[in-house]
Each structure stands twice: as structure tokens, then as C-alpha cells.
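Just below is one structure, and these are the notes that go with it.
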Amino acid sequence: MKEFLDILRNDHTDFDKGKLTDELKKIDPMLLFKKWYQEAFEKQCVSPNSMTVSTVGVDLMPSSRVVYLKDLLAEGLIFYTNYESEKGKQIGENPQVSALFFWDELSRQIRVQGKIEKAPEFISDEYFASRPRGSQLGAWASKQSEVISDRVSLEKELERVKKQFKNKEVPRPEFWGGYLIRPTYIEFWQGRPNRLHDRICFERNNVESEVWTVSRRNP
Ligand SMILES: Cc1cc2nc3c(=O)[nH]c(=O)nc-3n(C[C@H](O)[C@H](O)[C@H](O)COP(=O)(O)O)c2cc1C
Ligand SMILES: Cc1ncc(COP(=O)(O)O)c(C=O)c1O
């Protein structure tokens, strides 16, 4: 037991897969995001579309979970979920969130902060319709984040939902759809030797502004 903890504790492997030049400061951050995302895909990073989204409700207790990035628009990042889930409730209380990507194979991290809002309904409809029927039924069956007595009750609910939509298309539930994160802060992080990493940060005052202030930060 101690052995693996020690191995990990004593692992000081350097990051050395690239660097960030000041040239990057001239690029639109959403275009740079797309470039890095594409590179994460092409380098076959594990789960390149997994992002950790953190929300904070009125109790001020941050809560984080992994979701899949599904759409990348010029305006921001879209993921899909249950609007009545814990995250949905917290977003209702406070629309400020952060999102995080880590692509180990590239020694890269992207940190995003911004404002979140429900995606337009037609975007959610289109995405929901593209999902496998099993996942569509699952969205109806799961009262996401609510306590259930046991697994059997969830499976019973799935059976009920299956009967309800037998021989019919499964419509998108009103309580399920996309959220659009509009960034006000995007940080590109490239791991470098001796823990002296490169960080290029883009910030703007509000989501309408097209003026990004760019800085390099200490690692
Ligand atoms: C790789 C991965 C991808 C996930 N993708 C989603 C997703 O796209 N949407 C979603 O609602 N939950 C997704 N989940 C489940 C969430 O992490 C989380 O358990 C769920 O959304 C409930 O979170 P909440 O109770 O904080 O609202 C994913 C989990 C993992 C590990
Ligand atoms: C609870 C939940 N909802 C939605 C999703 C996204 O699923 P899909 O890629 O089928 O839209 C996931 C993915 O793991 C999930 O766990």
C-alpha cells in the first residue's frame, strides 16, 4: 500500500512537450481553443472532450463534475445535462462557472471561467434527437442528482418510460438540454521543465466585449 503512494509521491517527471510563444497572444482565444481541442483529438488524448465543470450555488460550496463538451461555437462551449440536477439548481442560483480540460498526452491544461445560460432550444432538440434511443429514455428515467432508494426503482422507471414511448419517437424532456458557457477568462497552460510552465491568459470584462486583455502569468 505504502509503496504505490511513495512511488507517486516521488514522481517528479518533468513536462517537456512544447512551449507557448508570445505570438499566441495575437490569436483569438476561441480559435486557439479549437486548435488545441483538435490537437488533443489528433494526438488521441484519452477522452479529449471531458471537461470538469464547477458550479457554486447560494451556499457558496463549489461543486465539480465531469461532463462532455459537445458543441464548440464562436460564443462558447456547450454541454448537455438535466436542468433540474444539482448543477442545474446551482446554475439557476449563480450563473458563474468554471470549466477545466487536462490533456496529459500534450502536457496541456485549459482553464475557462465565464457565464452560463441555457442553449437555444433548437440546439438542444437537435442534439437530443441525435442521441441513441437508450440514452434518450435514460434522460427521461433519471431524476438526476435526486436520492433513490435502490437501483431497482431506477430500472422500473426505465421500464415505465419504455412503455410510455413504445413505437414513438422519444421527445426531448423540457428538463434536459444544453448549457452554453460564454468565457470571460481562458487560460492556455503548457507544462515546461522544472515546473516553470507557460501560461497565456485571455480576459475580458463581460461576455459581449470583443476586447481581450492578454497576459503571461507566472507558473
Ligand atoms: C466521462 C464522463 C462524462 C460525463 N458526461 C456527462 C454529461 O455530458 N452530462 C451529464 O449530465 N453528466 C455527465 N456525466 C456525469 C456527471 O459527472 C455527474 O455525475 C452528473 O451530471 C450529476 O452531476 P450533479 O449531481 O452535480 O448535477 C459524465 C461523467 C463522466 C465521468
Ligand atoms: C448522466 C449523463 N448524461 C449525459 C451524458 C452525455 O451522453 P451522450 O454522449 O450520450 O449525450 C453522459 C455521458 O457520460 C452522462 O453520464
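The values are calculated or read from the model by the stated rules, or taken from the named source; none is laboratory data. Being a predicted model, the structure only gives us computed values, none of them experimental. Because the Cβ atoms are built from the backbone with ideal geometry, glycine has one as well, and the counts that use them run over all protein chains shown.
A count restricted to segment 2-34 and to residues that are surrounded by 12 or more Cβ atoms within 10 Å (Cβ to Cβ) and within 18 Å of K70 (Cα to Cα) stands at 4.
Residues checked against (1) surrounded by fewer than 18 Cβ atoms within 10 Å (Cβ to Cβ); (2) in contact with a helix residue (DSSP H, G or I) (Cβ under 6 Å, 6 or more places away or on another chain); (3) closer than 30 Å to T13 by Cβ:
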{"residue": "K70", "(1), (2), (3)": "yes, no, no"}
{"residue": "F79", "(1), (2), (3)": "no, no, no"}
{"residue": "K87", "(1), (2), (3)": "no, no, no"}
{"residue": "G92", "(1), (2), (3)": "yes, no, no"}
{"residue": "P95", "(1), (2), (3)": "yes, no, no"}
{"residue": "S98", "(1), (2), (3)": "no, no, yes"}
{"residue": "R108", "(1), (2), (3)": "no, no, yes"}
{"residue": "Q113", "(1), (2), (3)": "yes, no, yes"}
{"residue": "K118", "(1), (2), (3)": "yes, no, no"}
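Residue by residue through segment 108-155, note down the ones that are over 30 Å from W36 (Cα atoms), polar (S, T, N, Q) and free of Cβ contacts under 8 Å to residues at least 12 places away in the same chain.
First, the residues of segment 108-155 that are over 30 Å from W36 (Cα atoms): 133-134, 136-155.
Subsequent filtering for residues that are polar (S, T, N, Q) retains 136, 142, 144-145, 149, 153.
S149, S153, listed by residue number.
For first residues located in segment 199-219 and farther than 17 Å from G114 by Cβ and small (G, A, S), partners that are modelled with pLDDT of 95 or more and surrounded by 11 or more Cβ atoms within 10 Å (Cβ to Cβ) and lie 6+ apart or on another chain with Cβ distances below 9 Å form the pairs S215/K25; S215/R199; S215/I200; S215/C201; S215/F202; S215/E203.
On the basis of being within 30 Å of G114 (Cβ to Cβ) and surrounded by fewer than 16 Cβ atoms within 10 Å (Cβ to Cβ), does N194 make the cut? I'd like the intermediate steps shown before the answer.
Details: within 30 Å of G114 (Cβ to Cβ): no; surrounded by fewer than 16 Cβ atoms within 10 Å (Cβ to Cβ): yes.
Taking the combined requirement at face value, the residue does not satisfy it.
Residue check: Y80 meets all listed conditions (1) away from ligand 1 (no atom under 13 Å from the Cβ); (2) outside any helix (DSSP H, G or I) but one, namely (1). Every residue in segment 64-77 that is part of a loop (DSSP other than H, G, I, E, B), more than 14 Å from ligand 2 (Cβ to nearest atom) and hydrophobic (A, V, I, L, M, F, W, C), please. Once the filter is applied, which keeps residues that are part of a loop (DSSP other than H, G, I, E, B), more than 14 Å from ligand 2 (Cβ to nearest atom) and hydrophobic (A, V, I, L, M, F, W, C), segment 64-77 yields L73, A74.
Among the conditions (1) in a loop (DSSP other than H, G, I, E, B); (2) closer than 22 Å to R182 by Cα; (3) not aliphatic (A, V, I, L, M), C45 misses just one, which is (2).
Count of segment 104-131 residues, restricted to those that are within 14 Å of ligand 1 (Cβ to nearest atom) and closer than 30 Å to L20 by Cβ, is 1.
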